[in-house]
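The values are calculated or read from the model by the stated rules, or taken from the named source; none is laboratory data. Since we're looking at a predicted model, the values are computed, not measured. Reconstructed Cβ throughout: ideal geometry from the backbone, glycine too, with neighbour counts over all protein chains shown. The accessibility values were calculated without ligands, DNA or RNA, using every heavy atom of the protein model including side chains. Shrake-Rupley method; radii C 1.70, N 1.55, O 1.52, S 1.80 Å.
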Amino acid sequence: GVHRQILFTTVGCFVGYYLTKRTDYIYAKVDREMFEYVRHHPEDFKTAEKKRIGELLEDFYPVR
């Protein structure tokens, strides 16, 4: 009856809350390890020089 629906809804909310917190923790842990690796190995992650938009696009020749 209704009491089972309320019970399952409550249990589902608690399980969902726990799983959400766990996934947030796991992603935060992975991010921390990744940023720590990047901080200790800057030679592997060099920033590329910025290019202007004119350098990225090809020259335009109108076709008539």
Whole-percent carbon and sulfur contribution to the accessible surface of the chain (1.4 Å, no ligands, DNA or RNA) stands at 61
Given (1) 1.26; (2) 2.38; (3) 2.43 as possible values of Cα Rg over 2.2 N^0.38 Å, the one from the coordinates is (3)
Applied in sequence order to segment 56-64, the curve 6.51 cos²θ - 1.76 cosθ + 1.60 (Karplus, θ = phi - 60°) yields integer Hz couplings, x standing for Gly and Pro, of 7, 8, 7, 5, 9, 10, x, 9, 10
Nearest 10, in degrees from 0 to 90: the angle of helix 2-40 to the longest Cα principal axis of the chain is 30
Taking a crude spin-label model, label points 7 Å out from Cα along the C-beta direction, the V63 to E33 distance in nm is 5.2
So H40 and F8, fully extended at 0.36 nm per residue minus their Cα-Cα distance, gain in nm 6.7 nm
In Å², rounded to a whole number, the accessible area per residue of segment 2-43 with probe 1.4 Å is 98
Of 22-34, 47-59, ordering from highest average Cβ density within 10 Å down gives 22-34, 47-59
